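The values are calculated or read from the model by the stated rules, or taken from the named source; none is laboratory data. Being a predicted model, the structure only gives us computed values, none of them experimental. Heads up, the Cβs are rebuilt from the backbone with ideal geometry, glycines too, and the neighbour counts pull from every protein chain shown.
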Amino acid sequence: MFLGIALGYALRNKPWTQKLPHFISVVIFVLLFLMGFSIGENKALLKDVASLGGQAFVVSMAGTLGSVLCGWGLWHWWSREK
């Protein structure tokens, strides 16, 4: 990661680096497609998709609730009268 930061800093004024965000988006879409393809051909995973979806829902809701409560607590702590 630090090497990437250093390279980005060193090459920030090169004209070809302006096209990198588009290239990165394309690479991410291709990787997501390949991941979906891999999941789609996994019969054991597809058999349990309902229970995995339920577990994913519970984990995501717990994470969201924890973030909201932490944000609410920090907001109250930060905005209290001094």
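Some notes on this structure:
- Residue in region 40-48 that is polar (S, T, N, Q), out of contact with any Phe, Trp or Tyr (no Cβ under 6 Å at 6 or more places or on another chain), in a helix (DSSP H, G or I) and over 30 Å from residue 5 (Cα atoms) present: no
- Of all residues in region 38-76, those that are aromatic (Phe, Trp, Tyr) and over 21 Å from the mean Cα position of the chain (by Cα) total 2.
- Condition check for residue 60: surrounded by 10 or more Cβ atoms within 10 Å (Cβ to Cβ), part of a helix (DSSP H, G or I) and out of contact with any Phe, Trp or Tyr (no Cβ under 7 Å at 6 or more places or on another chain): yes
- Screening 34, 52 for residues that are assigned by TED's automatic domain parsing to the domain that holds residue 8 and either assigned to a helix (DSSP H, G or I) or of a type in the set (Lys, Arg) (or both) leaves exactly one candidate, 34.
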